[in-house]
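This report concerns only the one structure given below.
The values are calculated or read from the model by the stated rules, or taken from the named source; none is laboratory data. Quick caveat, the model's predicted, so the values are computed rather than measured. Note that each Cβ is placed from the backbone with ideal geometry, even for glycine, and that neighbours are counted across all protein chains shown.
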Amino acid sequence: MDPLSVLVVDDEPGIVLLCKRILSRAGYVVASLTDPHQAVEWLKTNKADILLVDIRMPDVDGFEVVAHARRLQPDLAVLVMTGFGTVETAIRALRQGVDGLLLKPFEKSSELVEAVKQALADSRQKRDAARIHALRPLFEVTESLLSETRSESLLDLIIHAVLGQLRCAHASYYQYSHDEGRFILLAGQGRMLADFIVQVDASGSPLLINSSGPGDLNAQARLRKTELSAAMFIPVARQNFRGVLFAGRNIGEPGFSEADLEMFQILGRQAAAAMENARLYDEQRAYIRKIEESQNALLRAEKMAAAGRLSASIAHEVNNPLQSVQNCLHLAGREDLSVEKRKEYFDMARMELERLSLTVQRMLDFYRPGAVRPEQVDLADLLGYVVNLTQKQLAERGVKVKMELSSSLPSVMAVGSQIQQVFINLILNAFDAMPDGGHLRVAARAVKGGVEILFDDSGPGVSREKQTSIFEPFFSTKDGGTGLGLTVSYNIITAHGGTLELLPDHGKGACFRVFLPIGGK
């Protein structure tokens, strides 16, 4: 580590030599001057860690040297020496922000060394505190910007961050639109100053203009016409966008400093990173929406396909109660019937109408795309309804159904219409797999954590080489199949926190196992 450097300034040559000898012996690199004007010039080209300066010198006050030194080297530690240790001197030293006050003459050399060490330590502590004080709001701004993932809200946060951190009344953000071929205002508050946007974008460099300088005369004149005293512009760019941030202050307010410009650039880099982050989130959300829309489209397509395959059974399920109602009303219209018999026929007609209404309601729930709220589902009742609905088709093909439902089958939290669709798909797949008739066993029982449902047919089964692909989209084992039924069913059961699988080596036919957790997902 390089030794620390000290600049000693005192109009008394003896004091300068004494300080240089003591501090050099203590390991410091010491530069000594008796002319305060030369000291200011020296600081313009040389770096010092601490300035040791006498207060009372001819022509120039020591505090003036301190002021010049701090402008040239803001982090410079300052230790002032004086032979007149008054309260007024101490107060002025505090106001100047000096780091130590040493009375002359100092009796021991160690007194000087300790004063220098203490001044350096105090200066470092003040710099650290100032740095923490400056960085804390920046960290808070960064956290706030990066936690906002929606572009519209983020732009408002950026504008308010600029207004708050730079203590200004005007801020805006312009972004280049490739569609319109120009910069457009996306967010802002106060006066919107667009005069310098293209210039800053073309140069790729920040721009600071105060009405009284810095900035070229033409820029200052243009600024004054806008009734602003100060303006800053910084380019904000990423691979997918480029823009310009503006900050402005009103007439009568102080101009912007180089430190303000540096702060603005830090905010600009944070804003660019946050906007890129929000853009990626927006793309991700759009991608997820497309996937959801595609899945819903597949779900609706598969429901329509199932409707076509179920049309005969649906017609049968609706026609039977209608026929019963017609017969009951016809019989109830006979004049020779007693009141009790007529009431009996009317009651039978009402029961058939209720059965018809329930059938229609279940079919509406099945086809309605928005019915996705989980509810308590009685699986025994649902399986009975689905088997009854498909019974006509199964019977016409010679497929006999055997139901094995546990008497203590618990209900599950699920979307009934979706689980109904899965059961219909699995039964119709078994129907298609047995063109010459056969047997289908539908069994359900409670297992640990949920319910297990088996659909076991006596068809040819699924060959071993096709078993690994059976749930993939558009893969079908039968001619004319969409290849979506099992995929949609698999996704529905998985979304419910359950599993759908083909049990291997389960005999001649295919056996599909559905597991649904009692509490749902």
- From E292, E253, residue being under 30 Å from R224 (Cβ atoms) and either touching a strand residue (DSSP E or B) at 6+ places or on another chain (Cβ under 8 Å) or assigned to a helix (DSSP H, G or I) (or both): E253
- Which members of region 492-521 meet the condition of being closer than 16 Å to E452 by Cβ, in contact with a Gly (Cβ under 7 Å, 6 or more places away or on another chain) and of a type in the set (A, V, I, L, M)? V514, L516, I518
- Query: In region 215-232, what residues are part of a helix (DSSP H, G or I) and surrounded by fewer than 15 Cβ atoms within 10 Å (Cβ to Cβ)?
  - Reply: L217, N218, A221, R224, K225
- Task: Check off (1) out of contact with any helix residue (DSSP H, G or I) (no Cβ under 6 Å at 6 or more places or on another chain); (2) farther than 20 Å from L101 by Cα; (3) of a type outside the set (V, I, T) for L72 and give me the number that stays unchecked.
- Result: (1)
- Query: Residues in region 390-410: is at least one hydroxyl-bearing (S, T, Y) and crowded, with 21+ Cβ neighbours inside 10 Å?
  - Reply: yes
- Within the bounds of region 42-51, is there any residue that is part of a strand (DSSP E or B) and free of Cβ contacts under 8 Å to residues at least 60 places away in the same chain? yes
- Item | Some residue of region 82-95 being outside any loop (DSSP other than H, G, I, E, B), modelled with pLDDT under 90 and touching a Lys or Arg at 6+ places or on another chain (Cβ under 9 Å) | yes
- Note on the structure: Checked pairs for region 279-302, first under 23 Å from S417 (Cβ atoms) and not assigned by TED's automatic domain parsing to the domain that holds I492, second surrounded by 12 or more Cβ atoms within 10 Å (Cβ to Cβ) and modelled with pLDDT under 85, C-beta under 6 Å and 6 or more apart or across chains, list as L298/L484; L298/V488; L299/V488; E302/L484; E302/G485; E302/V488
- Message: Restricting to region 3-34, name every residue that is without any contact (Cβ under 8 Å) to a residue 12 or more places away in the chain and either part of a loop (DSSP other than H, G, I, E, B) or among the aromatic types (F, W, Y) (or both).
- Response: none
- Task: Identify the single condition in (1) at pLDDT below 75; (2) more than 43 Å from the chain's Cα centre (by Cα) that K108 does not satisfy, given that it satisfies every other one.
- Result: (1)
- Query: Pick from region 171-212 the residues that are in contact with a helix residue (DSSP H, G or I) (Cβ under 7 Å, 6 or more places away or on another chain) and assigned to a loop (DSSP other than H, G, I, E, B): which of them is nearest to L154 (Cα to Cα)?
  - Reply: P206
- Query: Which residue, of D347, D336, D381, is assigned by TED's automatic domain parsing to the domain that holds D456 and modelled with pLDDT of 85 or more?
  - Reply: D381
- Message: I'm trying to understand the selection: among the residues of region 233-253, which are over 19 Å from M192 (Cα atoms) and either surrounded by 20 or more Cβ atoms within 10 Å (Cβ to Cβ) or not basic (K, R) (or both)?
- Response: A237, Q239, N240, F241
